[in-house]
């Protein structure tokens, strides 16, 4: 194989909130780096995951779900992130839920670029038992946009991931790899530690509270084979602190313990993790503060 026959490029994963983009990303690269939750709009940063094969290197960009229902500086920043990403990649994967095409999906479709190859990816096919209905659904969606191809997957169960990669590869430009073959993300361990804690907040708190929170790594030290990590959970109001902490500190302890175990698995080392809660009012509508967090 010559150098120029190798393919490498950037692939955006886009769709409305909660269609399974982050779960798909994790399966595409073979390891969990993007947080997942049954709640919508959990992804806030453009998380880059890297999958390297003998013939291609895919650099996947997991965007926030485009938010059409809520305003504020945070969601405006997230939506701008999606638009900016679409203008700077080599290929786009537009993710839908099987047999569900909503007005919110159409709003995201309206943003899809016409000058970049867009692949239709229909997720959650494990829930679509009628194959003829599924085929008709795909035909109906493809009639509304010039997709280069379509693939069905079950991100939750890791089904047809290899087939999706095979279909995406020809749309990457010929290029040498941009990253080492054993690298799975360009995000720092500090960033990943914060994301893991944020995922636990979405898993164990109510419907609205996690959207009023952020996570700040105040200390990240490597002490031989031990990582010492200190993380602050930022809440918007004083009254939210006891909800996060829980009775007798039980909820915060559960969040911390599960986050520590995930970090040890991801970083392949022992982790000492300390997590506490502090108030920073109005952070979600403070544009300057959002820029400091890289949002």
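The values are calculated or read from the model by the stated rules, or taken from the named source; none is laboratory data. Note that this is a predicted model, so its numbers are computed, not measured. FYI the Cβ positions are ideal-geometry reconstructions off the backbone, even for glycines, and counts take in every protein chain you see.
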Check: Give me the pairs: first residue in the stretch 236-253 and closer than 8 Å to residue 279 by Cα, second residue at pLDDT 90 or above, beta-carbon distance under 7 Å, and six or more apart or on different chains, which are they?
Finding: 241/277
Margin query: Checking the condition touching a helix residue (DSSP H, G or I) at 6+ places or on another chain (Cβ under 6 Å), under 29 Å from residue 174 (Cβ atoms) and either exposed (fewer than 14 other Cβ atoms within 10 Å of the Cβ) or modelled with pLDDT of 85 or more (or both), which residue from 88, 56 passes?
Written below: 56
Item checked: Evaluation of residue 81 against (1) over 21 Å from residue 103 (Cα atoms); (2) modelled with pLDDT under 60 (one fails), failing number -> (1)
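With the stretch 157-270 as the region, which helices (runs of 4 or more DSSP H) entirely inside it contain at least 3 residues that are exposed (fewer than 13 other Cβ atoms within 10 Å of the Cβ) and in contact with a strand residue (DSSP E or B) (Cβ under 8 Å, 6 or more places away or on another chain)?
none
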Checklist line | The lone exception for residue 121 - which of (1) outside any helix (DSSP H, G or I); (2) modelled with pLDDT under 95 it fails | finding: (2)
